[in-house]
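The values are calculated or read from the model by the stated rules, or taken from the named source; none is laboratory data. Here the structure is a predicted model, which means the values were calculated and not measured. FYI the Cβ positions are ideal-geometry reconstructions off the backbone, even for glycines, and counts take in every protein chain you see. In case anyone asks, the SASA skips ligands and DNA or RNA and just uses the protein heavy atoms, side chains included. Shrake-Rupley method; radii C 1.70, N 1.55, O 1.52, S 1.80 Å.
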Amino acid sequence: MFDVLIIGGGVSGMSCALVLGSAKNKAFVTDKKIGIFTHQKNSSLQEAIFYNAYGITPGKLGSELLTESTQDLAVTYPHIEQIANEKVIKVEGAYPNFTVTTNKNSYQTKNIVVGIGSANTFDIEGLMQYIEPHKKALPEKQRIQLKNEDHKVTDGIYVIGTLAGWRSQLAIAAGSGAAVATDILTLWNNGTQTHSHDSIR
């Protein structure tokens, strides 16, 4: 049983995983099992190049960022299980007992974070009832989002990045993923507002 499964290894999903990973020494996180589906075949990062993203060297390719981020997560926070080459096709159950089914396996988890982009090809069974037109995209793009309030779709299900209704901008997606990570940390910390900072002190 996972405590949280993140669906999507793009900017928002990886940011969520990194923040959760960085909290590993907090007493209320040490026993938590965290996983991330890093299937990235359709990520918009595959065609991106960055000149306006804070902290990223100008000219960095999105495809390089995808590769480097999964490697960095594996090295820095190896306790987070990366599930590669599996596509999520169905979500069943209710908080705190969900079943996430992929094209290869099924997994049990207490919480789900969905961050796989806002293309209208979204087809995860069990989440289709939450789809609505994207509120910050051009109508002709036919983008979608999942209905949510401050990233929360329903108890135990969160949505991040463009699928949460945010604009397609790397810094926004990263912040969205980090925001949900701190919400989950707060949940695990019995409702006490929580974040995770690294420091050289």
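Name the strands (runs of 3 or more DSSP E) wholly within the stretch 12-116 that hold at least 2 residues that are under 18 Å from residue 173 (Cα atoms)?
34-37, 112-114
For the stretch 97-111, enumerate the residues that are among the polar types (S, T, N, Q) and either in contact with a Gly (Cβ under 8 Å, 6 or more places away or on another chain) or free of Cβ contacts under 8 Å to residues at least 12 places away in the same chain (or both).
99, 106, 109, 111
Given the criterion surrounded by 15 or more Cβ atoms within 10 Å (Cβ to Cβ), in contact (Cβ under 8 Å) with a residue 60 or more places away in the chain, closer than 27 Å to residue 191 by Cα and of a type outside the set (Phe, Trp, Tyr), identify the matching residue among 23, 94.
23
Taking the stretch 168-201 on its own, how many of its residues are outside any helix (DSSP H, G or I), of a type in the set (Gly, Ala, Ser) and either modelled with pLDDT under 95 or surrounded by 13 or more Cβ atoms within 10 Å (Cβ to Cβ) (or both)?
Qualifying residue count for the region: 3.
I'm trying to understand the selection: among the residues of the stretch 117-150, which are in contact with a His (Cβ under 8 Å, 6 or more places away or on another chain) and open to solvent by 30 Å² or more (accessible area, probe 1.4 Å)?
Scanning the stretch 117-150 gives 141, 143.
Identify the single condition in (1) at positive phi; (2) in contact (Cβ under 8 Å) with a residue 12 or more places away in the chain; (3) open to solvent by 30 Å² or more (accessible area, probe 1.4 Å) that residue 28 does not satisfy, given that it satisfies every other one.
Failed condition: (1).
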